[in-house]
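*Asks:* My questions will all concern the structure given below.
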Amino acid sequence: DQQVKQNSPSLSVQEGRISILNCDYTNSMFDYFLWYKKYPAEGPTFLISISSIKDKNEDGRFTVFLNKSAKHLSLHIVPSQPGDSAVYFCAASGKGGGSNYKLTFGKGTLLTVNP
Amino acid sequence: DVKVTQSSRYLVKRTGEKVFLECVQDMDHENMFWYRQDPGLGLRLIYFSYDVKMKEKGDIPEGYSVSREKKERFSLILESASTNQTSMYLCASSTPGGRVEQYFGPGTRLTVT
C-alpha cells in the first residue's frame, strides 16, 4: 500500500527549460510535504518543503505546489541546469504516517538535464 | 551545519556474518532513523529511535536490530547477513516538534556475498 507515489521513474529535459516532478499521496492525514535530492553514492539532501496550510512555496529556482483536494504536489525547477540531474524523492509527514516525525517516501524520479 | 556520519562508505561481508553499521550525528537530535535504498523501491524505513534506548520498528525490520546507547549514536545490526540485504543503507536524524526535515548521512553501500 503505497501512500506516496511518484509515477514517473524518470524525466529528461533540456538545460534552461522547466522541470516538473509530480507526486501523489493517498493519506489525507499527511500535513507536511518535502522534496529531497539525491546524487549517486551520496545521502539525500533536503530541498524544499510545504505545509498543508499553503499551496505554494518558492526558494530560488525551486517551487513546490500543493493541491490538497487532488492530493497532489509538484516540484518545478526553472531554469533547469545539468547539475540538477539527480534522483528526486517526495516525502510526506503527519499523523497518517504513524507519528508526526516519520517520513513516508516515494520511490523517486530520476531527472536528467541535458546540456 | 548538521553533520551525520556513517562508519563506512563501502562494506563487503559474507553470508552469515554479523554486521554492524554505525551512525553518529553532531546536532543533539533526538530522532534517528535507518533506511535502505534499493532501485525502484525508494527509501524504506528499517528502524527509528526517538530517544536513548528507545526504538521502534519501521516498515521492513525483519533481519535487523538496532542499538542506541548514546544520543548521538545509532547502530544498525544485521544478525546474520544474507544476500538480499545487499543495499545502500542510509542513516538520518531530526529534531522533534514543528520541523520534520531529516538530515542524512552519506550512506553505506553493503554487499553480502
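*Asks:* If you build the Cα gyration tensor of chain A and take the root of 5 times each eigenvalue, what three semi-axes come out, in whole angstrom, biggest first? Please list the in-between numbers first.
*Replies:* On the way: eigenvalues 110, 43, 29 Å².
For chain A, the ellipsoid semi-axes come out as 23, 15, 12 Å.
*Asks:* Run through region A:17-113 and list the trypsin sites (Lys or Arg not before Pro) located in a DSSP loop whose Cβ has at most 13 other Cβ atoms within 10 Å.
*Replies:* Answer in residue order: A:Arg17, A:Lys54.
*Asks:* When DSSP assigns beta bridges and you keep just the ones with both residues in chain A, what percent turn out antiparallel, to the nearest 5?
*Replies:* On the way: 38 of 43 bridges.
About 90 percent, rounded to the nearest 5.
*Asks:* Averaging over every viewing direction, what projected area does the convex hull of the Cα atoms of region A:17-73 cover, in nm²?
*Replies:* Working: hull surface 19.1 nm².
In nm², the orientation-averaged hull projection of region A:17-73 is 4.8.
*Asks:* Taking every alpha carbon pair in the protein assembly as shown, what does the distance histogram look like in 5 angstrom bins from 0, in percent?
*Replies:* 1, 7, 15, 18, 19, 16, 12, 7, 3, 1, 0
*Asks:* Ok, one more. To one decimal place, what orientation-averaged projected area in nm² is obtained for the convex hull of the Cα set of region B:5-66?
*Replies:* 5.2
*Asks:* Semi-axes of the equivalent ellipsoid for chain B, please: Cα gyration tensor eigenvalues, times 5, square-rooted, ordered largest first, whole Å.
*Replies:* Semi-axis lengths for chain B are 23, 14, 13 Å.
*Asks:* Here is a follow-up. Using alpha carbons only, how many angstrom separate the centre of region B:28-58 from the centre of region A:1-43?
*Replies:* Comparing the Cα centres of region B:28-58 and region A:1-43, I get a distance of 20 Å.
*Asks:* With r defined as the distance between the Cβ atoms of B:Leu41 and B:Phe20 and R0 fixed at 30 Å, what FRET efficiency is calculated, to the nearest 0.05?
*Replies:* 0.80
*Asks:* Hey, another quick one. Rounded to the nearest 5, what is the percent of antiparallel bridges among the DSSP beta bridges in chain B?
*Replies:* Given both bridge residues lie in chain B, the antiparallel proportion sits at roughly 90 percent.
*Asks:* Sticking with this structure for a sec: Give me the one-decimal nm value for the distance between modelled label points at A:Gln14 and B:Tyr10, 7 Å along each residue's Cα-to-Cβ direction.
*Replies:* Label-label distance for A:Gln14 and B:Tyr10, simple model: 3.8 nm.
*Asks:* Looking at the protein assembly as shown, what % of its DSSP beta bridges pair antiparallel, to the nearest 5?
*Replies:* Taking every DSSP beta bridge within the protein assembly as shown, about 90 percent pair in antiparallel fashion.
*Asks:* In a Gaussian network model over chain A where Cα atoms closer than 10 Å are linked, find which of A:Ser69, A:Ser93, A:Ser49 has the largest mean-square fluctuation.
*Replies:* The residue with the greatest mean-square fluctuation here is A:Ser69.
*Asks:* In addition: Are there any GluC sites (Glu not before Pro) in region B:42-113 that are in a DSSP loop and have at most 10 other Cβ atoms within 10 Å? List them by number.
*Replies:* In loop regions of region B:42-113 (DSSP not H, G, I, E or B), the sparsely surrounded GluC sites (Glu not before Pro) are B:Glu62.
Since every read-out is calculated from the coordinates, none of them should be taken as a lab result. The structure presented is a predicted model; accordingly, all values stated were derived computationally and were not measured. Backbone-built Cβ (ideal geometry, glycine too); neighbour counts: all protein chains shown.
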